[in-house]
1. Identify, please: which residue in segment 314-324 is assigned to a helix (DSSP H, G or I) and in contact (Cβ under 8 Å) with a residue 40 or more places away in the chain and is, among those, nearest to Leu229 (Cα to Cα)?
2. So which residues in segment 329-367 are in contact with a Pro (Cβ under 7 Å, 6 or more places away or on another chain) and under 15 Å from Gly55 (Cα atoms)?
3. List the pairs whose first member sits in segment 113-129 and is in contact (Cβ under 8 Å) with a residue 12 or more places away in the chain, whose second member is basic (Lys, Arg) and open to solvent by 20 Å² or more (accessible area, probe 1.4 Å), and whose Cβ atoms are under 6 Å apart, counting only residues at least 6 apart or on separate chains?
4. Can you report the number of residues in segment 348-363 which are touching a residue at least 40 places away in the same chain (Cβ under 8 Å) and surrounded by 19 or more Cβ atoms within 10 Å (Cβ to Cβ)?
5. Return a yes/no flag: does segment 269-277 have any residue that is touching a helix residue (DSSP H, G or I) at 6+ places or on another chain (Cβ under 8 Å) and within 13 Å of Thr310 (Cα to Cα).
6. So which residues in segment 192-207 are within 23 Å of Asn296 (Cβ to Cβ), open to solvent by less than 10 Å² (accessible area, probe 1.4 Å) and in contact with a helix residue (DSSP H, G or I) (Cβ under 7 Å, 6 or more places away or on another chain), if there are any at all?
7. For segment 298-313, indicate whether the set of residues that are open to solvent by 50 Å² or more (accessible area, probe 1.4 Å) and either without any contact (Cβ under 8 Å) to a residue 24 or more places away in the chain or not in a helix (DSSP H, G or I) (or both) is non-empty.
8. Scanning segment 116-142 for residues that are within 21 Å of His6 (Cβ to Cβ) and either touching an Asp or Glu at 6+ places or on another chain (Cβ under 6 Å) or open to solvent by less than 20 Å² (accessible area, probe 1.4 Å) (or both), which turns out modelled with the lowest pLDDT?
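The values are calculated or read from the model by the stated rules, or taken from the named source; none is laboratory data. From a predicted model like this one, the values you see are computed outputs, not experimental measurements. Heads up, the Cβs are rebuilt from the backbone with ideal geometry, glycines too, and the neighbour counts pull from every protein chain shown. Note: areas computed on protein heavy atoms with side chains; ligands, DNA, RNA excluded. Shrake-Rupley method; radii C 1.70, N 1.55, O 1.52, S 1.80 Å.
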Amino acid sequence: MSLTFHWFLPTNGDSRHVVGGGHGTPATASGRDRPPTVAYLSQIARAAEDLGFVGALTPTGAWCEDAWLTTAMVSQHTERLKFLVAFRPGFVSPTLAAQMASTFQRQTGGRLLLNVVTGGESHEQRVYGDFLDKDARYRRTGEFLEVVRGLWEGRTVDLDGEHLRVEDARLARVPEPVPEVYFGGSSPVAGEVAARYVDVYLTWGEPPAQVAEKIAWIRGLAAEQGRTLRFGIRLHVITRDTSEQAWAEAGRLLDGFDPETVRSVQSGLARSESEGQQRMLALHGGRRDALEIHPNLWAGIGLVRGGAGTALVGSHDEVAERIREYAALGIEEFVLSGYPHLEEAYWFGEGVLPRLAADGVWRHPAGKGAAPSAQVPFAS
C-alpha cells in the first residue's frame, strides 16, 4: 500500500505567520501578506505536483475565495495535480452540482475530488440564505449525495425528500472518472451520511487514540451498509532537519499570536455547533502552555484558526514516524498544509517523503524518484 498525500491551496491568503479564520471567524490580517492570486496559488500547486502530492484541498466559506472558480483557473497551470474542492451542498442544486463536477472532469482530464462540507455554523449558513439547523443540514446532505451519485451513475433520478426534490433529473454526459467524495463530521448524523455515501472519511488531527476511536466508529457504520471506506486526516506540518529547528519555528509562530486575536478567535469558535471544532478546542483549552498533546503533535495552530488546528512538529524522521503511527491505525490519506504553503511544501516534500519512500510506504504518483533529501533553500 502506498500512502497518499495532498497539500492545501490557501485561498484565504498566505503568510510566514499563521493565517487565522474559518468556522465563521474572519481571516486574520496576516492573510494579506501573500494574497491568494491565481499566480501565487499556481506556484504552490506546481510545487506540490512536482514533489509528489496527489491533490490540493481548497477551503470553502465566507473567509476565502470560491473553491470551484479558483481551482478551475489554477488547473490550467498544472498537469497532474487533482483538486479537492470543498463545497457546501445547501448552496446549489444537486443536479447542477453533478453537472459542474462532470464538466470539471472533462476540462481537467479527471482531476476533481469533492470535499463535501455540510456547514457547522448556523450563523454563517444564514449569510448564504440557509436557515436549516445542523441536523437538518446533514439530512439534506444525504439527500443531495443520493441524487448526485445516481446522476453520476447515468440514472434518471426522482426524489421527493424532506429537503430536496428533483424530477426526471439526468445528466447528458456523466463524469469520467466519477469524482471521489471526501467528507468529515463527528456527530451521529454525520456518521450515518459518511457510512452511506462517501469514499473517504476525513478527521482533523486528533491524538492517535481518538483517531482510532473515530475509525472504528465509521468503519462499523459502513459495515452495516455493506460498504468499506478509506480514511484520511487533516494536519499542518512543521518539519525541519532537526527537532530543535522545528520547535523553534513553532515557537516563532506562537510568539506571533496577538493575545487579543487569540481571545477573539476563541470566543467565536466557542459558539461553534461543530462537534469536530469543539473537539479541537478541547485539545488546548485556549491556553498557550502544554500544547504538545501527543509526541510531535502540537495544538498551537488552533489558537487562531478554526477547523484543523494541530500540526506535526519535529525532525523529518520524527514526522515520518508519526505518519507511520497514524497509518498503522488505518489512515491512508494525509491532507497537509504549513505556513507559508510554498516553502513548507518543499520542507515536507524534500525532507519527509524520501524517508517514507525508503520505507516502501510511499511512491511518487508520477513514477518519479523520490525528491532528494536536501536542506530547503528558504529561510525559516
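1. Of all residues in segment 314-324, those assigned to a helix (DSSP H, G or I) come to 316-324.
Restricting the remaining residues to those that are in contact (Cβ under 8 Å) with a residue 40 or more places away in the chain gives 316, 318-319, 323.
Details: His316: 29, Glu318: 28, Val319: 25, Ile323: 19 Å.
Step by step, filter segment 314-324, then rank; the result is Ile323.
2. His341
3. Leu113/Lys82; Val117/Arg88; Gly119/Arg88
4. Start the filter on segment 348-363 by keeping residues that are touching a residue at least 40 places away in the same chain (Cβ under 8 Å), which leaves 348-353, 356, 361-363.
With the extra rule that they be surrounded by 19 or more Cβ atoms within 10 Å (Cβ to Cβ), the set shrinks to 348-353, 356, 362.
Final tally of qualifying residues: 8.
5. Checked segment 269-277: at least one residue is touching a helix residue (DSSP H, G or I) at 6+ places or on another chain (Cβ under 8 Å) and within 13 Å of Thr310 (Cα to Cα).
6. Initially, segment 192-207 is screened for residues within 23 Å of Asn296 (Cβ to Cβ), giving 202-207.
Then keep just the ones that are open to solvent by less than 10 Å² (accessible area, probe 1.4 Å); that gives 203, 205-206.
Scanning segment 192-207 gives Thr203, Glu206.
7. Taking segment 298-313 first, the residues open to solvent by 50 Å² or more (accessible area, probe 1.4 Å) are none.
No, segment 298-313 contains no residue that is open to solvent by 50 Å² or more (accessible area, probe 1.4 Å) and either without any contact (Cβ under 8 Å) to a residue 24 or more places away in the chain or not in a helix (DSSP H, G or I) (or both).
8. Within segment 116-142, the first condition is being within 21 Å of His6 (Cβ to Cβ), and the residues that meet it are 116-118.
Still in the list and also either touching an Asp or Glu at 6+ places or on another chain (Cβ under 6 Å) or open to solvent by less than 20 Å² (accessible area, probe 1.4 Å) (or both): 116, 118.
Numbers: Val116: 96, Thr118: 92.
Looking at residues that are within 21 Å of His6 (Cβ to Cβ) and either touching an Asp or Glu at 6+ places or on another chain (Cβ under 6 Å) or open to solvent by less than 20 Å² (accessible area, probe 1.4 Å) (or both), I get Thr118.
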